[in-house]
Amino acid sequence: MKIAVIGGDGTGPEVAAEGLKVLEAIAALEKFKYELTPFDFGGDRYLRTGEILPTGAVDELRMFDAIYLGAVGHPEVPPGVLEKGLLLELRFQLDQYINLRPVQLFPGVETPLTGKGPDDINFVVVRENTEDLYCGVGGFLKKNTPDEVASQTAVYTRKDCERCIRWAFEFTRRRNNPKKMLTLVAKTNVLTYGHDLWWRTFQDVAREYPEIKADYNHVDACCMWMVKNPEYYDVIVTTNMFGDIITDLGGILQGGMGVAAGANLNPDAGGTSMFEPMGGSAPKYTGQHVINPIAAINAMAMLLEHTGQPRAGKRIIEAIKTVTGTKMKSQAAGKMGYSTQQVGDLVVQALS
Ligand code: IPM
Ligand code: MN
C-alpha cells in the first residue's frame, strides 16, 4: 500500500505522527506492507514559495492508494486560501465525490447530549463532496460599489448525485445495521430545482434496494432530531453544504474535534482517497504535545478500512474504544491526562 502523507500545518504533523505509529503497529500484527511518502504542502511552504500545490503535484498524488492528511490552516495565511488551494482542490481534482463522516460516540467520551450514550450516537453521514455551493460558480458585479451584486451558484448534476446516492445505498447495505435505513437530508420545500433532482434520483435509486428503508428529512428538522433523537439515524446522505454543517453538529455529539474523522473517497477503480482528522491545525497548541490524536488515529482506521485492510481498521477502532473507555480523562487538548504521544502509545498497547 502506497500512502502519501501531508502532515500540514500547526498540530497536523503531531497528530499524523501518532496515526502513523498506530499504522506501524497494526501492519506488523496484520502482516501487511506499506510505503510512506511525505509531502510538505501547507501554510509554511506557501509562505516560503507562494505555491500551494506545485505543478504536477496532483498527478503525483494520483499514483498513491491513499493520502493521509494532518491539518491545513496557518495563522499568517488569510482564511480560505489553503482550504481552497489544497483541501478542496484535492477533493475536486481527485474526484473524491464521497465525504464520509461517521458520528460514533466512543465509550468514556463525553457528549453534550444528556442521557445519550454510545448506543444512541452511532450513525454515518455520506456527504456529496464535489458540487453544490462548493463548485465555485459565481462572481461579483460592480464590486466595491453601492450597487454591488454577488452570486454564488449551487450546481448539481444527475450523474454525480446518482453516484453519491447509489454509493450511500451500497454502504447502508454493507453496514447492515438493524435499522437498514438511508435518510436523504435536503430542503425540497425551498430548493425546488436542485433538491428536486436529488429527491427524484433518490426515489429512482431506492427501487434497486428494496430491503433498505428510504427515508427523508428536511435539513432543519434533521438538526433537531440529531440533538433530540440521534438514535433514529443509521445512514444519512446529503448535499455538500448541508453535509458540511450537519457533520460539525455530529462532530460535537461524538465528543468534538479531538475525536471526529472523515474520509474523502473516490471509490472508483484506481481512485485515490484522502483521510483526515476533522480538527483544524490548532496553532496555539503546536509543539506542546497536548493535542488529542484520537481523531487522526480514527482517520487512519478509516484509511485502512477503505484501502483494502478492513480488519486492521476495525482493530484500531476497538483499540481506540479501550483507550477512551478506560484510560483517557477527557478528549480536550491538555486535559487528556496524557500527552499526544502517550495517547498514541496507549492505542498501540491496546491493539495487542
Ligand atoms: C470540512 C471542512 C472544509 C469544508 C473546509 C475546511 C473547507 O469544514 O471538511 O468539513 O467546508 O468542507
Ligand atoms: Mn466542515
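The values are calculated or read from the model by the stated rules, or taken from the named source; none is laboratory data. Because the structure is a prediction, the values reported are computed rather than measured. All Cβ positions, even for glycine, are placed from backbone atoms using ideal geometry, and neighbour counts span all protein chains on display. Calculation scope for accessible area: heavy atoms of the full protein, side chains included, ligands and nucleic acids excluded. Shrake-Rupley method; radii C 1.70, N 1.55, O 1.52, S 1.80 Å.
Quick notes on this one:
- Applying the set (1) open to solvent by 10 Å² or more (accessible area, probe 1.4 Å); (2) away from ligand 2 (no atom under 16 Å from the Cβ); (3) among the hydrophobic types (A, V, I, L, M, F, W, C); (4) assigned to a loop (DSSP other than H, G, I, E, B) to Val348 leaves exactly one unmet item: (4).
- Any hit, the stretch 47-58, residues being more than 18 Å from the chain's Cα centre (by Cα), closer than 23 Å to Met1 by Cβ, among the polar types (S, T, N, Q) and not in a loop (DSSP other than H, G, I, E, B): no
- Count of residues meeting criterion [out of contact with any strand residue (DSSP E or B) (no Cβ under 8 Å at 6 or more places or on another chain) and not assigned by TED's automatic domain parsing to the domain that holds Ile291] in the stretch 65-106: 1
- In the stretch 331-343 there is at least one residue that is under 14 Å from Gly19 (Cβ atoms) and open to solvent by 30 Å² or more (accessible area, probe 1.4 Å).
- Taken over the stretch 231-243, the criterion of being more than 16 Å from Asp220 (Cβ to Cβ) and surrounded by fewer than 21 Cβ atoms within 10 Å (Cβ to Cβ) is satisfied by Glu231 alone.
- Every residue from the stretch 240-263 that is within 21 Å of Leu86 (Cα to Cα) and more than 12 Å from ligand 2 (Cβ to nearest atom): Ala261, Ala263
- Selected residue (criterion: nearest to Gly12 (Cα to Cα)) from residues of the stretch 30-42 that are surrounded by 15 or more Cβ atoms within 10 Å (Cβ to Cβ) and free of Cβ contacts under 8 Å to residues at least 40 places away in the same chain: Phe39
- Hits in the stretch 260-287 - residues which are within 10 Å of Ile67 (Cβ to Cβ) and part of a strand (DSSP E or B): Asn264, Ser273, Met274, Phe275, Glu276
- Hits in the stretch 217-273 (condition: in contact (Cβ under 8 Å) with a residue 24 or more places away in the chain, among the hydroxyl-bearing types (Ser, Thr, Tyr) and in the same structural domain as Trp167 (by TED's automatic domain parsing)): Tyr233, Thr238, Thr239, Thr247
- When the stretch 59-92 is limited to residues that are within 16 Å of ligand 2 (Cβ to nearest atom) and part of a loop (DSSP other than H, G, I, E, B), the one that is nearest to the chain's Cα centre (by Cα) turns out to be Val72.
- Unique residue being at pLDDT 95 or above, open to solvent by less than 10 Å² (accessible area, probe 1.4 Å) and either more than 29 Å from Pro293 (Cβ to Cβ) or not in a strand (DSSP E or B) (or both) when the list is Ile246, Ile252: Ile246
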